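The values are calculated or read from the model by the stated rules, or taken from the named source; none is laboratory data. Please read these numbers as outputs of a predicted model, since none were measured by experiment. Don't worry about glycine lacking a Cβ; one is built from the backbone with ideal geometry, like all the others, and counts go over all protein chains shown.
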Amino acid sequence: MQLQERTAVVTGAGRGIGREIALHLAEAGADIVLAARSVDRLDEVAALVRKQGRQACVIPTDVTVPEAVETLAAETNRTFGRADILVNNSGIGGPTALAWETSIEDWQETLDINLTGPWLCARAFIPYMIEQGSGAIINIGSITGKRPLLGRSPYAATKAGLIGITRTLAEETGPHGIRVNLISPGAVEGPRIDWVFEEQAKARGVSVDEVRTTFEELSPMRRLVKAGDVAKAAVFLASDASAGITGVDLNVTTGMVMY
């Protein structure tokens, strides 16, 4: 699973899953373009990438703004001459509220970042990948796109939508040597899932520990997912080891979801 002489773009690369994916791709040999709206942590990740002997480039990007995404693609091509891997990881948790109590503003913001953003990024990078005759796009979804989670209808809609976008892009770009796949992580250890547990506890009227236990018991492995688990799957889907795989929705859930 070696990625030497390849360039990978990771959105939302400053923390959590995005950070781990960027570092694992660098470890596998790729040069990394780090993108996010908030760049406070990107420089730290860039330094770690360079420490592994790879090149790193920080490009502040709001994935909801078409012009910003076009700039990201153009700057990547100008700096490295190619874009081999695109990881659409930027996303927000969105509100926790019953559907009829969710504001239109919260609904729209979640869709703009989680669904329109990956579409805009794919739209900007695919022409460069077509020109070079190859590419791998990896969208980061969630098991919430496949099983219900109380009060999370905007988030669930975006993650289900990514499954459809992934399959359609795979059909459209396959003749050009481009593969498009999606990873659906389960509950990933870290600050975001801690926030989800807190919001679920409030919504259900139970303790945070009860919510955590419920999630852990959904897993045959009786544990949450680690960010590194997701990152290793991303390296696989970015590499030639998955050369025959496109349009796939890959569960990394410790067995919480098996479909």
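Overview of results
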| quantity | calculated |
| --- | --- |
| Subset of the stretch 163-178 [crowded, with 24+ Cβ neighbours inside 10 Å and not β-branched (Val, Ile, Thr)] | Leu169 |
| Count of the stretch 199-237 residues which are within 11 Å of Met256 (Cα to Cα), among the aromatic types (Phe, Trp, Tyr) and either modelled with pLDDT of 95 or more or outside any helix (DSSP H, G or I) (or both) | 0 |
| Residue satisfying condition, being buried (at least 20 other Cβ atoms within 10 Å of the Cβ) and free of Cβ contacts under 8 Å to residues at least 40 places away in the same chain, within set Leu48, Leu25, Leu34, Leu3 | Leu34 |
| Residue in the stretch 182-190 that is out of contact with any Gly (no Cβ under 7 Å at 6 or more places or on another chain) and surrounded by fewer than 19 Cβ atoms within 10 Å (Cβ to Cβ) present | yes |
| Test: residue in the stretch 139-156 that is in contact with a His (Cβ under 9 Å, 6 or more places away or on another chain) and under 21 Å from Thr7 (Cβ atoms) | no |
| Every residue from the stretch 209-221 that is surrounded by fewer than 16 Cβ atoms within 10 Å (Cβ to Cβ) and touching a residue at least 12 places away in the same chain (Cβ under 8 Å) | Pro220, Met221 |
| Single residue of Gly151, Gly161, Gly133 found to be over 17 Å from the mean Cα position of the chain (by Cα) and over 24 Å from Arg223 (Cα atoms) | Gly133 |
| Lone qualifier among Gly53, Gly94 - being crowded, with 21+ Cβ neighbours inside 10 Å, outside any helix (DSSP H, G or I) and out of contact with any Cys (no Cβ under 9 Å at 6 or more places or on another chain) | Gly94 |
